[in-house]
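Single-structure report; data block below.
The values are calculated or read from the model by the stated rules, or taken from the named source; none is laboratory data. Remember, it's a predicted structure, so these values are computed and weren't measured experimentally. So basically every Cβ, Gly included, is an ideal-geometry build from the backbone, and we count neighbours across all protein chains shown.
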Amino acid sequence: MDRFIRDPESEKLLSEHNRTLEAAEALGGTPFKPNMTRDELLKQFKYWQKTNKEQSRGQGSASAVNVSFAIPIYPPCLAALKGLKKVMVKDLLLETHHRGSYILVRSIIQAENMGAVMAIVEDEQKDAIPLRMLNEKLRCQDGCVDKGQVLLVKEPYLTSMPDTEYGLRVDHVSDIMFIPLFDEMVPSVWRERLPEHETSQWMARDWLNMGNEYLNRGKFYSATEYYSKGLECSPTEEEKHYLLYYRGLAFFQVDELDAALRDLDAVPAGPKSDKALRGKAQTLYRLKRFRESCDLFAKLCKKKPEDLSAGNDLREAIARLAEQKKGGYNFNKMQEKASKTHPPLLDHATWIGPVTVRQTKSQGRGLFTTEAVKVGDLLLCEKAFEYATEHHSRPRWSSTLHVNTETRTTTRGGQLALTSSIIEKLCKTPSLAAAITDLHSNGSRQVSTGLVDDKPVVDTVPFLPCRFQVARIISLNSFGSPTSSRGDHIHDARDASGNPGRLHNCGIWPYASMINHSCMSNAHRAFIGDMMIIRAATDIPANTELTIWYLLPAPENQPMDFSHWGFECSCTTCVDIKATETRILETRVRQRAQIAIALEKSSEYSRSRAEVLIDRLTKTYPRPLEQVLRLGLWEPLTLIAGAYDSLMQQNEAREAVVQALAAVGFVLEGGVEEPLVVKKWGLAMDNLVVAWIILWGTLLEVAPESAKQAERYARMAYLICVGEEESFDATYGMNFRVAREPAEESQEEGWVV
C-alpha cells in the first residue's frame, strides 16, 4: 500500500499538465478541423508502431519514462443504443463528450498496444481520426483490432492526445461495441468483405459451422457471435446442443466464466453432455466454487471411472476444498512453485480463520478475532482477487509514472496494470463484482454493476464512472508485494536499506484489505506468490480488531502521512512525533546516519563512537518505554549488536539485542540467570529473526536452556515475518549446526548471519 509519490518532479509534471489541460478546455465546443490527412495519420501511426516495437525489445532509451495522466472523471454511457443519434467525424467538437450520440467507424490499420490500444479509424465518408481504447485487451476481437474491424463508440469523447492532434478516447469498456461484419448496422460501403453468399439465408447449421471455423482459429469472441446468431435461427434440439456447448467453450477460453457457466448448464442432452459437465465443473473451479466443482467431478468419475483426467481434476478440487474449509497448506510446495513460476500465480484456495468483519468506531469496517489467538497463529490465507507482476530481470514499472491531477498523487509501478486487469475481470464475470465494488472508496457513493445493451457497465452510478471508480478503489485497497516474503526477508537480513524497488508485484486481496492500519500492529502479512498470509504478531484476545502496517513505521524523522487513505494515525508513537520539536527529530536523523557510517568501519574507535552516539540518541527519548516505543533505536542497536557478535563480545551483543527488542515493544524476562521468557511480543521489524539468532549465540555457552528458547523465538519470528516456518532450516539452519564458524557470503540457502 505504498506506491504513492509526492516529490518536486511530480509536482512539476502536475503543474505542466494542468496548464495543458486548461488550454485544451478553452477550446471546448470548437468544431473539429483535422490538421492531418488520412495518409499522414497512417504514416505517423506506422512510425509509432516501429518505435513501440523497439522499446518492447529493449532498444529504446534506458532513461525514458512513460508518463500518463488521469483525465477528468466522466461517466460511461448509460443510454441504450436505440436512444442514441448517429454522428460523423465532421460533426465532432473539441474536448466534448457527445452525449446522446454514437459514431460508427472502421479500423484502417491493425491496432497497436501502446499503453492503450491505438488505431486509426475512418467513418463512412473516409474521414480518418485516431482512436485510443483503454482496457480493450479483453474484447479486441481476440487480442487485436484487425484492419477492417467495425466499431461503434457510444457518446464519443474527442480530446487532445500525446504526440498527435485530437482523437477519440474510450475509457469505459461499455462505451465501445465490436460489430460483426454480418450485422445489419454495417454500412453497405463496407460490406464487400462479407462472404459472397447471402448470410440472411443461413440456417442455424451454417452459423454453427462458421462459429466452429473461428473457434478452431482461436477467434473465440468471433465464434460466440456466430453461435449466438445460430441460436436466433430456430435451431433443432441437436443444433442447440452443439451451439450452446461450443459457445460455452468459447466463453470459457476467454474467461467469460458467468456466460460459460450459463451456456454449459443449459446444454441439452446429447453427444457433448459429458464434456459439458466437465466444462461446467472446471468453470466452477475457476470461480472458486469448490464444493459444487467437487460434486460434478465426482459425478463424472462415477459415470466414467476410466477417465484419469477427471480423477486428477477431482483430487485437485478436493484439495482446494480442504484448504478452503480447514486452512491446511503445504507451504514448502507453495514456496517452490512461486520461485519457479512467472507470474507466481498459485492454484490454492482462500481460508478465512478465526476472524470476522465488523464495524469499528471510527475507521469503517475492520477484521476482528472471533476467539483468542496466540502469537504466530494463522488468521487468514487469501488468494489475490487479481495480481499484476513484472519480472525482476526485466523491470518496467520503475519507468512508468501515472499522474492523478485530482488527488495530486503520482503512482509508479503496476497499479495501472492491476486496475486494467480488474476491470477486465469484472466485465467478463460480473458475478464477482461485489468483491471489489463493496470495498472502501473513501467516502465515494456505493457502486453497482448493471447491463446496458446486454453488456456489463461496471459501477454504473451517475458521477461515479467505471474506470475511475474502480481505479480509486484499487488505489485505496491494493498492496505492493514481493514474489516471496522469504526472498525479501533474506535480502533484508543482509541489507537493512528496505529498498521498495524490490516490490515487483501488486495485487488486491479483498478480505485482507479490510484490516485497518496501526503503527502498533498486532498482525503481520507475508506473501508467497499471489497468496497473502496473515498471522498474529502477538497474543490477541477474542473480539479484538486486527491491525497491520499500511506503511512501515518511520524511524521518527517525520509524522507518517496517511492522507491518501483519508485518516491520521493516532497511535502513541505518531502523537509523540507530532509533539516533538523539529530540532529533536532532525537530531535523531543525523545521529542515526552517523551511527551507520561509524559501524561501516571495523575499528575500535568507530565502535566507541557509535556507542556514544547511540547513548545520545537514546537520551532524545524522554518518555518511558512503557508509554512510547523508540523505533529509531532498532536499527542502530541491531547494527552494533552484529558488530559485537562478529568480535565475540557476547555480553555487549546480548545487551544491545535486549535493548533493541525493548525499543520495539518486547517485554523479556530472564536470560542468563533465569530462563528466557517473552512476556509480550513487540513489532515484527526487519531483521527481527537475525536479532534473535544473535541473542541465541550469546546465550549458547552461558545459558544453554535460554539459548534453546531463543532459537524457538527466532523460529516464531520467522513464522510471523515469512508466513511459514518450514523453510527456516534452509534459511538459517547453518547457524545452529555450525555455531561460531566464519560467515559464508553470498549464500542464500542455509546462509550464516
Counting just the residues of the stretch 186-212 that are modelled with pLDDT under 75 and under 27 Å from LYS240 (Cα atoms), which one comes out surrounded by the most Cβ atoms within 10 Å (Cβ to Cβ)? THR199
Could you say whether any residue in the stretch 712-722 is part of a loop (DSSP other than H, G, I, E, B) and modelled with pLDDT of 95 or more? no
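The rows are residues; the columns are (1) crowded, with 21+ Cβ neighbours inside 10 Å; (2) out of contact with any helix residue (DSSP H, G or I) (no Cβ under 7 Å at 6 or more places or on another chain); (3) farther than 18 Å from LEU633 by Cβ.
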residue	(1), (2), (3)
HIS524	yes, no, yes
PRO553	yes, no, no
GLY566	no, yes, yes
ARG583	no, yes, yes
GLU586	no, yes, no
GLU604	no, yes, yes
ARG607	no, no, no
Picking from LEU625, LEU676, the residue that is among the aliphatic types (A, V, I, L, M) and modelled with pLDDT under 95 would be LEU625
Pairs with Cβ under 6 Å, 6+ apart, first in the stretch 314-327 and under 12 Å from LEU380 (Cα atoms) and among the polar types (S, T, N, Q), second at pLDDT 95 or above and in a helix (DSSP H, G or I): GLN324/PHE290
For the stretch 136-150, check the following and say yes or no: at least one residue is within 26 Å of MET36 (Cβ to Cβ), of a type outside the set (Asp, Glu) and in contact with an Asp or Glu (Cβ under 7 Å, 6 or more places away or on another chain). no
In the stretch 167-179, anything modelled with pLDDT under 90 and not in a helix (DSSP H, G or I) is listed as ASP171, HIS172
Quick one: in the stretch 363-385, of everything that is farther than 14 Å from ILE548 by Cβ and touching a helix residue (DSSP H, G or I) at 6+ places or on another chain (Cβ under 6 Å), which residue is surrounded by the most Cβ atoms within 10 Å (Cβ to Cβ)? PHE385
When every residue in the stretch 656-695 that is assigned to a helix (DSSP H, G or I) and in contact (Cβ under 8 Å) with a residue 40 or more places away in the chain is compared, the one nearest to HIS524 (Cα to Cα) is VAL689
Expected output for the stretch 1-21 (first residue modelled with pLDDT under 75, partner of a type in the set (Phe, Trp, Tyr) and outside any loop (DSSP other than H, G, I, E, B), Cβ below 6 Å, 6+ apart or cross-chain) is MET1/PHE479; HIS17/PHE69
Under 7 Å by Cβ, and 6 or more places apart or on different chains, what pairs join a residue from the stretch 338-358 that is closer than 13 Å to MET532 by Cα with one that is of a type in the set (Asp, Glu) and part of a strand (DSSP E or B)? THR350/GLU382
Among the residues of the stretch 305-317, is any in a helix (DSSP H, G or I), crowded, with 17+ Cβ neighbours inside 10 Å and of a type outside the set (Gly, Ala, Ser)? yes
Residues of the stretch 113-131 being surrounded by fewer than 19 Cβ atoms within 10 Å (Cβ to Cβ) and within 33 Å of the chain's Cα centre (by Cα), which ones? ASN113, MET114, GLY115
Test THR460 against the stated conditions and say whether it is modelled with pLDDT of 85 or more and over 29 Å from MET334 (Cβ atoms). no
Within the stretch 506-541, the count of residues that are outside any strand (DSSP E or B), touching a Lys or Arg at 6+ places or on another chain (Cβ under 9 Å) and over 20 Å from PHE567 (Cα atoms) comes to 5
Looking only at the stretch 599-612, decide whether some residue is under 39 Å from the mean Cα position of the chain (by Cα) and either assigned to a helix (DSSP H, G or I) or farther than 20 Å from VAL689 by Cα (or both). yes
Consider only pairs whose beta carbons are under 6 Å apart and that are at least six residues apart or on different chains; among these, list those whose first residue lies in the stretch 152-178 and is more than 18 Å from LEU84 (Cα to Cα) and whose second residue is hydrophobic (A, V, I, L, M, F, W, C) and crowded, with 18+ Cβ neighbours inside 10 Å. TYR166/LEU158; GLY167/ILE129; ASP171/LEU134
Cβ-Cβ below 9 Å, separation at least six or inter-chain, first residue in the stretch 118-147 and under 17 Å from GLN44 (Cβ atoms) and in a loop (DSSP other than H, G, I, E, B), second at pLDDT 95 or above and of a type outside the set (Ser, Thr, Tyr): which pairs? ASP127/MET88; ASP127/VAL89; ASP127/LYS90; LYS147/ARG106; LYS147/ILE108
